[in-house]
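Here's the structure we're looking at; comments come further down.
The values are calculated or read from the model by the stated rules, or taken from the named source; none is laboratory data. These figures come from a predicted structure and were not determined experimentally. Cβ placement follows ideal geometry from the backbone for every residue including glycine, while neighbour counts extend to all protein chains displayed. Protein only, heavy atoms only, side chains kept; ligands, DNA and RNA dropped before computing areas. Shrake-Rupley method; radii C 1.70, N 1.55, O 1.52, S 1.80 Å.
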Amino acid sequence: MLFHEKLRTSKRDEMIDITRQAAALIARSGIRDGIAIVYCPHTTAGIAINENADPDVKHDVLLRLDEVYPWTHPEYRHAEGNTASHLKAITTGTSQTVVVADGRPLLGRWQGIYFCEFDGPREREYYVKVMAD
Amino acid sequence: MLFHEKLRTSKRDEMIDITRQAAALIARSGIRDGIAIVYCPHTTAGIAINENADPDVKHDVLLRLDEVYPWTHPEYRHAEGNTASHLKAITTGTSQTVVVADGRPLLGRWQGIYFCEFDGPREREYYVKVMAD
Amino acid sequence: MLFHEKLRTSKRDEMIDITRQAAALIARSGIRDGIAIVYCPHTTAGIAINENADPDVKHDVLLRLDEVYPWTHPEYRHAEGNTASHLKAITTGTSQTVVVADGRPLLGRWQGIYFCEFDGPREREYYVKVMAD
């Protein structure tokens with residue numbers, strides 16, 4: 001079963017927790033056991049699974065990714081100027097696959113599913129595809 | 001359904017658009033709804049989903065990845081000398097999963113599927129596995 | 001079919017080959033053709049597919065990841081102090097999907113599946129989910 005969600009981001013770089021929405025869609029699918037793919041159809045945003053407890057983790061992750069993949073670079077050619085966004089999206093990944101067990105995403109205690117904006121703020125979307133065993 | 005494809009790369013670092021081939025194999029599978037996994041069986045090449053419009057994005061992505069994971073390093077031990085290729089492949093990922101809807105990969109408007117060569121030129125291969133709902 | 005495995009890591013940064021265990025679980029599932037998801041429920045460890053031949057590759061990969069994502073950083077805020085572990089886990093990925101063909105993971109000749117510890121030593125766990133065609 002396939003679900004299509006929209007969201008609005010508010011910063012250039014931002015990790016938005018979509019765990020509750022993803023879990024609600026998995027529940028709505030009625031599928032008890034299988035997998036779910038959370039998929040980002042953008043090339044300057046991605047999906048990551050990471051810590052849901054301390055918000056400072058998001059701060060630090062975005063800070064360092066921005067140093068490793070800086071916004072400006074003397075040899076970048078891409079006219080749109082957002083090469084860094086593409087590199088960050090490739091690093092986090094375009095999608096994440098989670099196990100569905102007993103109708104719920106089988107996440108670790110500290111895991112959340114994040115929509116990672118790397119070129120916002122924008123209107124964005126993502127898909128949740130649930131596959132039964 | 002499982003498909004096995006071959007390709008020849010022509011540079012050390014290269015992103016080759018395989019979207020059309022992947023879409024053709026998904027169509028050939030006859031599966032209307034499900035997922036497809038594009039899988040790279042190499043450890044010095046990977047699969048990424050990224051922008052299909054401006055070729056300068058590929059240039060910039062490969063340029064910066066080569067700075068973050070440089071070819072030579074005073075402390076590298078791997079005798080084959082291609083540690084950087086392994087690091088780049090880990091960063092892009094060995095495979096990508098896409099949603100199949102109505103017999104087609106559900107990609108975003110600007111998304112393409114890329115075979116990422118990081119130690120070419122070589123004869124390479126990849127798999128496309130299509131799973132039905 | 002879903003399997004739950006435990007392991008003990010022995011270093012802060014470590015890549016542990018779990019290919020044999022994953023293959024044994026896939027065989028035990030009785031599923032001949034499909035996919036398997038190897039999933040890490042931690043946020044400071046990940047799963048990667050990489051070279052299984054020269055152990056120096058692991059050395060070099062961990063060395064360079066530690067430079068790109070250093071343990072200490074003047075602007076890190078995360079009180080637990082392991083931001084680097086989160087960044088490394090995001091880079092390798094929380095899970096890997098492999099094709100199952102004829103009851104076995106369809107890996108390339110040089111590919112192994114690795115549990116990547118980035119904040120050890122610890123008691124850790126992972127899941128292997130096998131989905132039939």
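Per-residue answers, yes or no, for (1) open to solvent by 40 Å² or more (accessible area, probe 1.4 Å); (2) touching a Gly at 6+ places or on another chain (Cβ under 7 Å); (3) at positive phi:
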position	(1), (2), (3)
A:Leu7	no, no, no
A:Lys11	yes, yes, no
A:Asp17	yes, yes, no
A:Ala24	yes, no, no
A:Asp33	yes, no, no
A:Thr44	no, no, no
A:Ala53	yes, no, no
A:Asp60	no, no, no
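Whether a residue is assigned to a loop (DSSP other than H, G, I, E, B), of a type in the set (D, E, K, R) and surrounded by fewer than 24 Cβ atoms within 10 Å (Cβ to Cβ) was assessed, and A:Glu75 passes this test.
Note on the range A:1-70: enclosed strands (runs of 3 or more DSSP E) holding 3 or more residues that are in contact with a strand residue (DSSP E or B) (Cβ under 9 Å, 6 or more places away or on another chain) and not aliphatic (A, V, I, L, M) are A:2-8, A:45-51. For the range B:81-108, the set of residues classified as over 13 Å from the mean Cα position of the chain (by Cα), facing chain A (nearest Cβ under 10 Å) and part of a strand (DSSP E or B) consists of B:Val99, B:Val100, B:Ala101, listed by residue number.
Applying the condition of being under 17 Å from A:Ala48 (Cβ atoms) and within 7 Å of chain C (Cβ to nearest Cβ) to the range A:109-133 and asking which residue is surrounded by the fewest Cβ atoms within 10 Å (Cβ to Cβ) yields A:Trp110. Would you confirm whether or not the range C:30-37 contains a residue that is among the aliphatic types (A, V, I, L, M), farther than 27 Å from B:His78 by Cα and away from every other protein chain (no Cβ under 13 Å)? Scanning the range C:30-37, I find no residue that is among the aliphatic types (A, V, I, L, M), farther than 27 Å from B:His78 by Cα and away from every other protein chain (no Cβ under 13 Å), so the answer is no. Of C:Tyr76, C:Tyr126, C:Tyr114, all but one fail to be among the hydroxyl-bearing types (Ser, Thr, Tyr) and under 26 Å from B:His4 (Cβ atoms); the exception is C:Tyr114. Among the criteria (1) over 17 Å from the mean Cα position of the chain (by Cα); (2) within 20 Å of C:Ser95 (Cβ to Cβ); (3) free of Cβ contacts under 8 Å to residues at least 40 places away in the same chain, the one A:Val57 does not fulfil is (1).
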